[in-house]
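**Q** Here you go, one structure.
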Amino acid sequence: MADTTCDSLCKLFFGAPFVTASVALSKQFLKKLIAFFESRCLPIHDALFEELASLMVVEQNDGRDFNTYFVGKKSITVLSNRSILMNGTTGLHSWQAGKMFSLFALQNQHLFASKSVVELGSGTGLTGLVILHMCNPRNYLFTDHNPLVIDLIRQNLTINGFNDKNLVAALNWFDDRSTILDVLVANNPDVLIGCDLIFDIDLIPAFCQTLSTILNENQKCKAFIMSTLRNTHTILSFESQLLRKNLSFSKQEFKAENDSCFFINPNCHFILHEITVHLKSVKLLQ
Ligand SMILES: C[S@@+](CC[C@H](N)C(=O)[O-])C[C@H]1O[C@@H](n2cnc3c(N)ncnc32)[C@H](O)[C@@H]1O
């Protein structure tokens, strides 16, 4: 979608950098705008209806949108699926916790500057692209287990001008210790991140084992895991598995900020776990 009526209206109403090329959001915005004019019996320009109709045609195409986020003076474009589950994976959609973590990274760039960052379950790659573009990491490794998701990350990297093949690796939390460490050998991480990975109780033990493997390999490494608060039981299960693995954590809750450039759903609440190797166990080992 080029610079459309909808984009121009978004700019007019909300001002840059509050613009997205998401078909769904543009459609939602136009519908609200038309309803607003209707409720006040104001004339509605034909261009608005034409734009809405053309968006409806686009939306029927293949379920994918190019979303452009204006971050500082840069723009980041991410191809993402509107369906949360597609071809048996959740990884082709950009999740709210990934957007929340992108905002957190923008507000805490020092945590990533000059650091080696490894991301688990990267999905579309939005969060990593924000960190790569805005936080100046020493290096960054996107990982996921699903080949379709890995292809999408590579596509999104190319769209944004990153062509280095070594930025992406296949990593499955069910892999054994040596396979996981082999994947990370060139990227010994200072910071490990993950967004919206705590949703399926059956994945939590393998995920916590992966955290434990990586954090114990480099005990100075910290993990930041951002989750959407849906089910307290799932979060409690994650926390108890962390403790069982001798990992300690602190946590912080977040609400979406209305004026963020990532269009975070205002109804979502998030929890960020900062995880390290349990200090007591480090002392005992020494
Ligand atoms: C809900 S999506 C979140 C994606 C992305 N982090 C975001 O915030 O948009 C969960 C991600 O975890 C990945 N995942 C699920 N099981 C996995 C496993 N066993 N090993 C590695 N990645 C896995 C999926 O492929 C998917 O990309």
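Every read-out reported here was derived from the displayed coordinates using simple, explicitly stated rules and does not represent laboratory data. Here the structure is a predicted model, which means the values were calculated and not measured. Because the Cβ atoms are built from the backbone with ideal geometry, glycine has one as well, and the counts that use them run over all protein chains shown.
**Q** How far, in nm, would the chain grow between Asn267 and Thr77 when pulled straight, counting 0.36 nm per residue and subtracting the alpha carbon separation?
**A** Between Asn267 and Thr77, full extension yields an extra 66.0 nm.
**Q** Only loop residues by DSSP count here, and only those with at most 13 other Cβ atoms within 10 Å; note down the GluC sites (Glu not before Pro) in region 172-274 that meet that.
**A** Glu257
**Q** Let me ask another. Please find, in a Gaussian network model of the chain (springs between Cα atoms separated by less than 10 Å), the residue of Met226, Met86, Met100 whose mean-square fluctuation is greatest.
**A** Largest GNM mean-square fluctuation: Met86.
**Q** Of the beta bridges DSSP finds with both residues in the chain, what % are antiparallel, to the nearest 5?
**A** 60
**Q** Sticking with this one: Report the one residue of Gln209, Val277, Phe224 whose Cα lies farthest in the direction of the positive end of the charge dipole of the chain (charges on C-beta: Lys and Arg +1, Asp and Glu -1; origin at the Cα centre).
**A** My answer, from the dipole projection, is Val277.
**Q** Leu247's amide H: which non-local residues (gap 5+, or another chain) put their own amide H closer than 5 Å, with H modeled 1.01 Å from N in plane and none for Pro or chain starts?
**A** His278
**Q** Next question, about the same structure. Identify all aspartates and glutamates with a Cα-Cα distance to Lys27 below 12 Å; exclude those on the same chain that are fewer than 8 residues away in sequence.
**A** By straight Cα distance, Lys27 reaches Asp7, Glu50, Glu51, Glu59.
**Q** Per residue of region 170-179, what does 6.51 cos²θ - 1.76 cosθ + 1.60 with θ = phi - 60° give for ³J(HN,Hα)? Whole Hz please, x for Gly and Pro, Karplus curve as stated.
**A** So the J values, rounded to whole Hz, are 7, 8, 10, 5, 8, 5, 7, 3, 5, 5.
**Q** Kindly flag which residue pairs out of Lys74/Lys220; Lys73/Lys115; Lys74/Lys245 have an alpha-carbon separation exceeding 29 Å in this structure.
**A** Over 29 Å Cα-Cα: Lys74/Lys220; Lys74/Lys245.
**Q** Still on this structure: Search the structure for amide H atoms under 5 Å from the amide H of Ile193, placed 1.01 Å from N in the peptide plane, and list their residues when 5 or more places away or on another chain.
**A** When sequence neighbours closer than 5 places are left aside, the close amide H contacts are Val118, Glu119, Leu120, Phe224.
**Q** Please work out how much length the chain gains when fully extended from Asn231 to Ala186, using 0.36 nm per residue of separation minus the C-alpha to C-alpha distance, in nm with one decimal.
**A** Net length gain for the segment: 12.6 nm.
**Q** Placing unit charges on C-beta atoms (Lys and Arg positive, Asp and Glu negative, everything else neutral), compute the dipole magnitude of region 82-285 about its Cα centre in debye, rounded to 20.
**A** 400
**Q** Now for a different question. Would you list Ile44, Ile153, Ile180 from fewest to most Cβ contacts within 10 Å?
**A** Numbers: Ile44 13, Ile153 27, Ile180 19.
Listing Ile44, Ile153, Ile180 from fewest to most nearby Cβ atoms yields Ile44, Ile180, Ile153.
**Q** Could you go through region 97-114 in sequence order and give the Karplus-derived ³J(HN,Hα) for each residue, using 6.51 cos²θ - 1.76 cosθ + 1.60 with θ = phi - 60°, rounded to whole Hz, and x for Gly and Pro?
**A** 5, x, 6, 5, 5, 4, 5, 4, 5, 4, 7, 9, 4, 4, 5, 10, 4, 6
**Q** I've got another one for you. Work out the length of the dipole vector of region 18-131 about its Cα centre, built from +1 on the beta-carbon of each Lys and Arg and -1 on the beta-carbon of each Asp and Glu, and round it to the nearest 20 debye.
**A** 420
**Q** Using only the Cα atoms of region 82-285, build the gyration tensor, take square roots of its eigenvalues as a ≥ b ≥ c, and label the shape rounded, prolate or oblate: rounded if a/c is under 1.5, else prolate if a/b is larger than b/c, else oblate.
**A** Rounded, since a/c falls under 1.5.
**Q** Hey, another quick one. I need to check one value: relative contact order of the chain, counting alpha carbon pairs closer than 8 Å and at least 6 residues apart, in percent.
**A** Answer for the chain is 14 percent.
**Q** Would you mind ranking His278, His45 so that the residue whose beta carbon has the fewest other beta carbons within 10 Å leads the list?
**A** His45, His278
**Q** Among Asp164, Asp182, which comes first, then next, by fewest other beta-carbon atoms within 10 Å?
**A** Placing the least packed residue first, the sequence is Asp164, Asp182.
**Q** Using the Karplus equation 6.51 cos²θ - 1.76 cosθ + 1.60 (θ = phi - 60°), what ³J(HN,Hα) coupling, rounded to whole Hz, does each residue of region 258-272 give in order, writing x for Gly and Pro?
**A** Here the 3J(HN,Hα) series is 4, 9, 6, 7, 9, 6, 6, 4, x, 8, 8, 10, 10, 10, 10 Hz.
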